[in-house]
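The values are calculated or read from the model by the stated rules, or taken from the named source; none is laboratory data. What you see is a predicted model, and the numbers here were worked out from it, not measured in a lab. Note that each Cβ is placed from the backbone with ideal geometry, even for glycine, and that neighbours are counted across all protein chains shown. Heavy atoms of the whole protein, side chains included, go into the accessibility calculation; ligands, DNA and RNA do not. Shrake-Rupley method; radii C 1.70, N 1.55, O 1.52, S 1.80 Å.
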Amino acid sequence: MTGLLRDLALGVGLAAYGVRKRLETGRWRTDTTTRNGAVGDLVRRAPGPRILVHGVSVGETNALEPFVEALAASTSRPDVVVSASTATGFERARRIHAGHREVVRFPLDFTWMVSRFLDAVRPDLVVLAELELWPTFMAACTRRRIPLCVVNGRLSERSFRGYRRGGALTRQFFRRLDLVVAQTATYAARFVALGAPAERVEVGGNLKWDAVLGDPGPALATELAAQFGIDRSQPLIVAGSTGPGEEEALLRGLPGGCQLLLAPRNPDRWDEVAALVPGMPRRSNGAPGGEGGGEPGAPPRVFLLDTLGELGAAYLLADAVFVGRSLTPMGGSNPIEPVALGKPAVIGPHHENFAGVVADLVREGGLAVSAEPMAVIEAWLGDEAARQAVATGGSRALARHRGGAAWAAARVLAVPRRRRAASTRAARR
């Protein structure tokens, strides 16, 4: 497929998929000015080969942090450049890597934008997280003989079915990959079925086991409690990364005497969620709110965390956690962070994006799965031993599964050597 045809196909796809929403939110205008491939002059911060490591948004950026650090600590001393697609992912990457490495916005997949981006970055190797595969970008890397790797590879059943419909074009697309480090054997088999060479596909576990954010510390948690007016003598349930419809369900099931802190995943929904309980205290207000969620004159029972980067501190305050986007088919959110902070957590039945992580946690008794999360939490609140058993099981799972980031980094760093060896063998034939 020529560059012009790819650009046309991408334009039609974007129009069908999300132009209306982008126009409504203003993100289309922002993306075309910040994702046009113009990244300026990049400082070379290490003498070794330049490696571009790319993730879509905040979740992938967090997951890639230990992997990036493992690359940077290797004896080859690579110059690592980090990229992200979304504005929130870009800001998160800048906070993580400020002063250590260059951070750039990944371009939209149009030929001239991709060419401008690659001309500026000049990577010797590209690493893409999960399933961030763009045809124009990958074709450009192939033409420039830049190796392409996937780490933390994930192919859901739905994505797999969609790619299979591409037939020979899909197989050509996946054959471009020099290495796939998949999260599970199931995902690895799907990559191979779509055309990735079997000898280049390996199973390395989920990088998010290693990407547990550091303890946010008690100071920020204390600040949150004081601003919201949280009663530390009463149980607090924190619902992290929630999606549409979940907040209403959690409010309906909230046990008596309990407080609930809601942290919706999408900032576009903050006002919508705040309207569910008039007077709900909001973190962005900078001061305690009204009397939301309780009797007139009573302290508030429901709170809204409408800021980014503070969910870990909220988890520190929690007696129990609900992991959102899982009561209806939204793929689920990452349960590892609350588990790593020693909190008993429950996730809904729809957690396809984290199926392997959830299965491993459940196997160790470190996570509950339920369509009625408030019922599970209410039982825990009446049984300290049960809550502690879940927290202990989570710690066992974390200890068992860490170490994948360094292993994946070593496999990626071996790719150029493997390429050179293959070229030498071909030249001798």
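Computed with every protein chain present, the accessible area of Thr111 is close to 40 Å² [probe 1.4 Å]. Expressed as a whole percent, the accessible surface of the chain that belongs to carbon and sulfur atoms is 53, based on a 1.4 Å probe. Note on the chain: GNM, Cα springs under 10 Å; of Ala73, Ala345, Ala196, the largest mean-square fluctuation is that of Ala73. Here the scattering of the range 167-230 is modelled by Debye summation over its C-alpha atoms, one equal scatterer each and no solvent; at q = 0.12, 0.14 Å⁻¹ the log10 of I(q)/I(0) is -0.50, -0.55. The distance from the alpha carbon centre of the range 116-140 to that of the range 48-65 is 12 Å, rounded to a whole number.
Taking the charge dipole of the chain about its Cα centre, with +1 at Lys and Arg Cβ atoms and -1 at Asp and Glu Cβ atoms, the residue from Phe303, Leu413, Met374 reaching farthest to the positive side is Leu413.
Modelled spin-label separation between Arg94 and Trp112, with each label point placed 7 Å from Cα along the Cα-to-Cβ direction: 2.6 nm.
Taking a ≥ b ≥ c as the square roots of the Cα gyration tensor eigenvalues, the chain comes out prolate, since a/c reaches at least 1.5 and a/b is larger than b/c.
Rounded to whole Å, give me the distance from the Cα center of the range 345-384 to that of the range 201-254. If you average the Cα positions of each part, the centres end up 14 Å apart.
Go through the range 127-178 and name the trypsin sites (Lys or Arg not before Pro) that are in a DSSP coil and have 10 or fewer other Cβ atoms within 10 Å of their Cβ. Intermediate results must be reported in sequence, preceding the final value.
On the way: sites: Arg143, Arg144, Arg145, Arg154, Arg158, Arg161, Arg164, Arg165, Arg171, Arg175, Arg176; in loops: Arg144, Arg145, Arg154, Arg165, Arg176.
In loop regions of the range 127-178 (DSSP not H, G, I, E or B), the sparsely surrounded trypsin sites (Lys or Arg not before Pro) are Arg145, Arg165.
Checking every one of the GluC sites (Glu not before Pro) in the range 100-189 against DSSP loop status and a limit of 11 other Cβ atoms within 10 Å picks out no site at all.
Between Pro255, Pro123, Pro278, the GNM of the chain built on Cα springs shorter than 10 angstrom shows Pro278 fluctuating the most.
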